[in-house]
Amino acid sequence: MLSSFLKMIFGSKSDRDIKKMRPLIEKINQIELEYQKLTDDGLRGKTDEFKKRIADGATVADIMCEGFAAVKNACRRLCGRTITVCDHELVWDMIPYDVQIMGAISLHLGNISEMQTGEGKTLVATMPLYLNALTGKNCQLVTVNDYLAKRDSEWMGAVYKFLGLTVGCLQNDMHSTERKEQYACDITYGTNSEFGFDYLRDMGMANSLERMVQRDHYYAIIDEVDSILIDEARTPLIISGPVAVSTHQFDKLKPSIDTLFLKQNMLCSRMVQEARDLLAKPELSKDDEDEAIMKLLQVRMGMPTHKQLMHILEDGAILKKVDKLDGFVRSDNNRGMLQDVQSELFFTIEEKTHEADLTEKGRNEISPDDPEAFVLPDLINCLQDIEKDESLDEQGKAKTKLEFQENFAKKSEILQNLSQLLKAYCLFEKDVHYVVQGNKVLIVDEHTGRLMPGRRFSDGLHQALEAKENVEIERETQTLATITIQNYFRMYEKLAGMTGTAETEANEFHQIYKLDVIVIPTNRPCKRTDNNDCIYKTKREKFNAIVDEVEECYQKGQPVLLGTVSVEDSEILSRMLKRKKIPHNVLNAKNHESEAEIVARAGQKSAVTVATNMAGRGTDIKLGAGIASVGGLHVIGSARHDSRRIDRQLRGRCARQGDPGSSRFYVSLEDNLMRLFGSDRIVSIMERFGLEDGEELQHPWLNKSIETAQRRVEQHHFAIRKRTLEYDDVMNKQREVIYGLRKETLVTENPREIILDIVNDEITSRIAEASANKDEFNAKFLLDWLNQTFPIGFSSKDISPTDAAAPDTPTLHDRIMKKILKAYEEKEKVETTESLRWLEKTIILEAIDRLWQEHLHGMDHLRASIGLRAYAQKDPLIEYKHEAFKMFSELMQNVNQDIMTNMFRSATSLAAFEKLFSNMPTAMIHESLGQFGAPQEEIVDGAETNEIPASDIQITFKREIPRVGRNDQCPCGSGKKYKKCCGQ
Ligand code: ADP
Ligand code: MG
């Protein structure tokens with residue numbers, strides 16, 4: 001209230017920002033007027049002039065007005081010219097409007113410009129992209145799909161090219177040389193996953209600078225920014241490969257879950273029936289009613305989507321009572337009560353939080369002989385008990401602990417699998433959340449309704465679904481490289497975004513990305529009529545009403561866009577329309593190839609288009625001739641989406657650029673949103689109005705209540721995203737360290753320095769370790785380590801403590817370093833500088849890559865198991881951070897150790913190796929034999945020469961053949977992918 005009052009007096013922040021822009025717009029238009037006098041070449045010459053001024057110290061801010069004017073003027077000159085966009089010819093007809101220049105200024109300043117659909121955001125982005133690309137750095141535009149990347153880069157390419165800049169576009173099937181060319185352009189268009197995956201490949205996999213494709217993370221504009229930074233940001237980008245050993249138990253557990261599910265289903269049906277009988281009694285006593293409500297609550301805990309249950313709960317009065325009882329049994333004052341209530345069930349399902357758990361009854365059912373098989377012991381207590389066990393010696397304790405931990409890990413895996421199976425059976429519906437096609441389970445994107453081939457649910461859920469559907473359970477995969485979309489885009493020096501719908505999420509944009517939303521006014525006033533929501537008791541009644549409304553519009557020739565929240569709904573509605581003989585197009589997961597074209601035609605006379613909510617996003621719906629006179633495009637929403645933003649997006653598809661248009665949403669009490677987050681208030685309003693079956697209700701109050709429900713879900717989802725991010729922040733810091741070291745290795749001219757720095761540091765810390773006990777220097781420890789790491793014959797005299805009486809003698813540290821350096825110089829003598837530099841880089845990279853991947857595997861497991869440790873009131877995130885830190889310290893130590901161990905054990909050729917050892921004094925080698933040799937990838941043993949009895953030296957030869965990725969072009973020159981050619 002107060003804030004809207006203040007807004008009225010002072011205007012919102014957006015209004016103030018807009019006001020500040022007015023004089024700038026005037027100035028830009030003034031300059032553009034001047035530019036009209038130039039020749040084409042004269043205008044083009046401006047680009048070089050700007051670049052030179054920037055090179056001489058001017059900032060992009062100094063040049064903004066002139067730069068934008070140049071773009072506007074180029075657009076003017078392009079008018080009437082034919083350009084080819086995605087194989088279609090198109091006549092250029094755009095000169096930026098003032099509001100578009102406003103949007104451009106806001107983008108240049110690093111904000112999100114909220115501009116309605118059809119306001120021409122594609123053109124808006126050209127101004128800041130041109131301006132910022134004058135720095136010579138690669139500027140990027142992020143689109144929601146490949147098609148738009150191509151279309152927009154070709155379309156807007158006309159402007160960039162006119163002004164003498166280059167533009168590129170990434171497509172999914174490009175290989176790395178082509179990608180590199182696209183990034184070499186001044187401006188690059190592409191989807192967020194192309195940018196993100198290129199980054200992961202560059203930083204985590206490229207083994208030479210030449211193979212890295214990206215240049216800068218300087219300035220990016222994200223189109224449809226809400227879709228990318230909010231919806232897509234829920235799933236991180238992951239590059240994965242199959243794991244070596246698979247340990248899952250899905251196939252073994254499936255039969256038990258089948259039975260359990262069946263039994264629970266029967267149990268619930270019986271309980272619903274009993275409840276119904278009780279409630280139907282002519283003189284319903286309080287006790288009878290309590291009993292009935294209890295039964296309903298139990299069913300809801302055991303099978304929340306049970307059909308008959310949902311039917312009974314349509315009665316608002318009953319729903320309210322069940323909710324109340326639910327709150328009561330869960331309250332802290334009634335400890336133990338929840339367990340009692342659930343004890344009749346075999347398992348429980350939390351629909352809101354997506355949790356599933358076996359009850360004791362369920363455990364007895366599937367494992368009657370050993371119910372404990374599904375109970376996780378208390379890890380810490382058990383370990384402490386072993387520690388205290390006096391019948392065991394140290395070795396015995398260590399062994400018992402190890403066994404215990406292995407057992408624990410096995411059990412938690414089984415439990416985790418089991419819980420995923422329960423979820424798969426109870427919470428995931430075929431054809432809503434996933435479809436089965438060609439022996440595979442494919443995810444259906446919740447927002448667009450598209451299939452997402454190649455993407456898999458994480459943490460074993462996907463395998464659980466495969467088990468449920470009796471299709472082949474695919475091998476588990478392990479993460480090879482991963483980053484969240486949030487953390488990828490946070491790397492940019494400057495980030496901006498544009499969309500029709502950002503305002504409702506302004507808080508999240510600000511908190512996570514430090515992006516402010518500026519609402520840009522429309523070019524012409526918006527003439528859309530938004531009708532009140534229509535509310536029905538059941539889905540069936542709702543759908544009937546929708547089809548009636550579609551028919552009415554169809555009869556009078558008004559085009560309709562009918563948006564649904566799921567593929568299932570769009571199919572039901574399509575069938576209903578078919579029965580009424582209303583011709584229509586359906587855009588959903590199974591039919592999206594010509595999506596853009598169908599959507600573009602959705603504004604023609606009598607067109608009916610059924611689309612999952614965001615299908616065809618990014619394509620503008622233009623009205624056909626005479627459509628304005630029948631009211632323009634009418635948008636119908638078949639349900640309120642979880643998020644207000646998605647509804648606004650759907651509404652925004654009509655009434656563009658001052659056209660007429662209208663919208664209406666339909667809601668039923670059976671909709672998920674209403675069931676899960678809406679109940680109490682709406683139900684009581686409904687009661688007040690006394691809604692009968694088949695009746696419809698409309699009231700502005702109800703719109704508000706529904707929005708409140710949506711706000712609740714939005715907050716819930718934001719909390720989840722924030723949580724994911726908090727977990728990823730841990731990974732992010734680790735990734736920065738590893739990728740930093742990797743990049744330094746690729747860039748450096750002198751990798752030797754990196755290795756010697758590591759040696760230097762490690763020796764310092766080992767000496768410290770050996771001196772930990774002040775009374776006695778642990779010479780054996782130090783000597784053993786030195787000889788295991790550096791096979792250059794350290795002897796006890798090398799590590800005698802420094803004589804305190806002779807302060808001038810070199811320290812122990814320096815003496816050790818000197819010996820290593822001397823040996824390394826020998827090595828340098830036998831290799832060429834070039835090949836040695838390559839070898840050094842390879843040693844570092846291989847150590848990082850192998851161990852980092854192992855580490856990621858470990859982190860995957862940690863993340864999956866950490867939820868199970870949430871006992872003893874510990875915050876799992878803190879536990880996770882703690883463990884992750886420990887694991888990372890170990891990783892870094894292992895990387896260092898690996899690098900040092902390989903310093904003297906790698907050579908580029910056998911000849912070099914032989915030379916090295918023949919140059920060293922034999923004594924040095926003898927002493928160090930037999931102490932090393934963890935077998936490594938390419939092992940060639942026995943470099944037998946007279947001087948060296950080297951039969952047990954194991955040495956790795958690294959050959960200078962660049963690694964070929966499976967999806968890279970085959971080095972044989974066939975033009976095919978490596979995996980399809982020589983790599984088969
Ligand atoms: P948005 O991304 O904001 O929804 P688009 O960039 O797809 O909008 O543009 C919508 C339509 O508006 C396009 O057909 C485009 O040709 C047209 N348009 C954009 N800017 C102008 C302009 N300044 N003058 C004329 N037409 C324009
Ligand atoms: Mg657009």
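Read the figures in this text as sums done on the coordinates, not as results from a lab. Since the model is a prediction, treat every value here as computed from it, not as a measurement. Cβ placement follows ideal geometry from the backbone for every residue including glycine, while neighbour counts extend to all protein chains displayed.
If you average the sequence gap of Cα pairs under 8 Å that are 6 or more apart and divide by the length of region 345-386, what percent do you get for the contact order?
After rounding, I find 27 percent.
If neighbour count is taken as other Cβ atoms inside 10 Å, put VAL432, VAL167 in order from fewest to most.
Fewest to most other Cβ atoms nearby, the residues stand as VAL432, VAL167.
For region 289-294, in order, what is each residue's ³J(HN,Hα) by Karplus, 6.51 cos²θ - 1.76 cosθ + 1.60 with θ = phi - 60°, in whole Hz (x at glycine and Pro)?
So the Karplus estimates, Gly and Pro as x, are 5, 4, 5, 4, 4, 4 Hz.
Viscosity 1.567 mPa s, temperature 4 °C: Stokes-Einstein D of the chain from its Kirkwood Cα radius, in µm² per second?
Once the numbers are plugged in, D ends up at 39 µm²/s.
So what J values fall out for region 22-38 if you push phi through Karplus, 6.51 cos²θ - 1.76 cosθ + 1.60 with θ = phi - 60°, rounded to Hz, Gly and Pro as x?
Calculated HN-Hα couplings, in order: 3, x, 5, 4, 4, 5, 4, 5, 4, 4, 4, 4, 4, 4, 4, 7, 6 Hz.
Lysines within cross-link reach of LYS556: Cα-Cα under 25 Å, excluding same-chain residues under 8 positions apart?
Counting by Cα, and skipping residues close in sequence, LYS556 has these lysines nearby: LYS527, LYS542, LYS578, LYS580, LYS581, LYS605, LYS622.
For VAL517, which sequence-distant residues (separation of 5 or more, or a different chain) have an amide H within less than 5 Å of its own amide H, given hydrogens modelled in the peptide plane?
HN-HN under 5 Å from VAL517: ILE112.
If each residue's Cβ is checked for other Cβ atoms within 10 Å, how do ARG524, ARG752 rank with the fewest at the top?
So the ranking, lowest neighbour count to highest, is ARG524, ARG752.
Give me the distance in nm between label points sitting 7 Å out from Cα along the Cα-to-Cβ direction at THR259 and ASP370, one decimal.
1.7 nm
Residues of region 551-591 with amide nitrogen under 17 Å from the 7 Å Cα-to-Cβ point of LYS527?
Output list for this probe position: 558-559.
Size of the dipole of the chain about the Cα centre, Lys and Arg at +1 and Asp and Glu at -1 on the beta carbon, nothing else charged, in debye to 20?
Charge dipole of the chain: 3480 debye, to the nearest 20.
So between GLN437 and GLU210, what do we pick up on full extension, going 0.36 nm a residue minus the alpha carbon distance?
Additional length available on full extension: 77.7 nm.
List the pairs from LYS20/LYS72; LYS51/LYS743; LYS361/LYS423; LYS440/LYS733; LYS20/LYS514 whose alpha-carbon separation is above 25 Å, in the order I gave them.
LYS51/LYS743; LYS440/LYS733
Would you compute, from DSSP H runs of 4+ residues alone, the mean residue ellipticity of the chain at 222 nm, taking -39500 (n - 2.57) per run and dividing by the full residue count, rounded to the nearest 500?
When only DSSP H runs of four or more count, the value is -17000 deg cm²/dmol.
Can you give me the angle between helix 250-280 and the longest principal axis of the chain, using Cα atoms only, in degrees from 0 to 90, rounded to the nearest 10?
The angle comes out at about 30 degrees.
Name all residues of region 284-307 having a backbone nitrogen under 13 Å from the label point set 7 Å from the Cα of GLN273 along its Cα→Cβ direction, giving them as ranges.
Correct set: none at all.
Report, to the nearest 10°, how far helix 779-789 tilts away from the longest principal axis of the Cα atoms in the chain, using its own Cα long axis and a range of 0 to 90°.
For helix 779-789, the angle is close to 70 degrees.
Give the relative contact order (percent, whole number) for the chain; include only Cα pairs under 8 Å separated by 6+ residues.
11 percent
If you keep only loop residues by DSSP, which trypsin sites (Lys or Arg not before Pro) in region 337-368 have at most 12 other Cβ atoms within 10 Å of their Cβ?
Taking region 337-368 and a limit of 12 other Cβ atoms within 10 Å, the loop trypsin sites (Lys or Arg not before Pro) found are LYS352.
At a Förster radius of 35 Å, what calculated FRET efficiency corresponds to the Cβ-Cβ distance of ASP357 and ASP784, to the nearest 0.05?
Once the sixth-power term is evaluated, E becomes 0.10.
Quick one: 3J(HN,Hα) in Hz for region 527-534, Karplus 6.51/-1.76/1.60 with θ = phi - 60°, rounded, Gly and Pro as x.
Per residue, the Karplus-derived 3J(HN,Hα) values read 10, 7, 9, 9, 7, 4, 5, 9 Hz.
For region 256-346, which trypsin sites (Lys or Arg not before Pro) are both in a DSSP coil and crowded by at most 14 other Cβ atoms within 10 Å?
Sites meeting the loop and neighbour criteria: ARG335.
Would you pull out the residues with amide H under 5 Å of THR529's amide H, same chain only if 5 or more places away, H placed 1.01 Å from N?
Here GLY661, SER662, SER663 satisfy the definition.
May I ask you to list the lysines whose Cα is less than 18 Å away from that of LYS150, ignoring any residue fewer than eight positions away on the same chain?
Filter leaves LYS121, LYS161, LYS180.
Cα centroids of region 535-559 and region 359-375: how far apart, whole angstrom?
Rounded to whole Å, the Cα centres lie 51 Å apart.
Where in region 260-340 are there GluC sites (Glu not before Pro) that are in a DSSP coil and have at most 11 other Cβ atoms within 10 angstrom of their Cβ?
Sites meeting the loop and neighbour criteria: GLU283.
Go through 415-421, 491-497 and give me the packing order, highest mean Cβ count within 10 Å leading.
Highest to lowest by the protection proxy: 415-421, 491-497.
Once amide H atoms are built 1.01 Å from N in the peptide plane, which residues 5 or more positions from LEU587, or in another chain, come under 5 Å H to H?
Amide H neighbours of LEU587, under 5 Å, 5+ apart: VAL610, ALA611, THR612.
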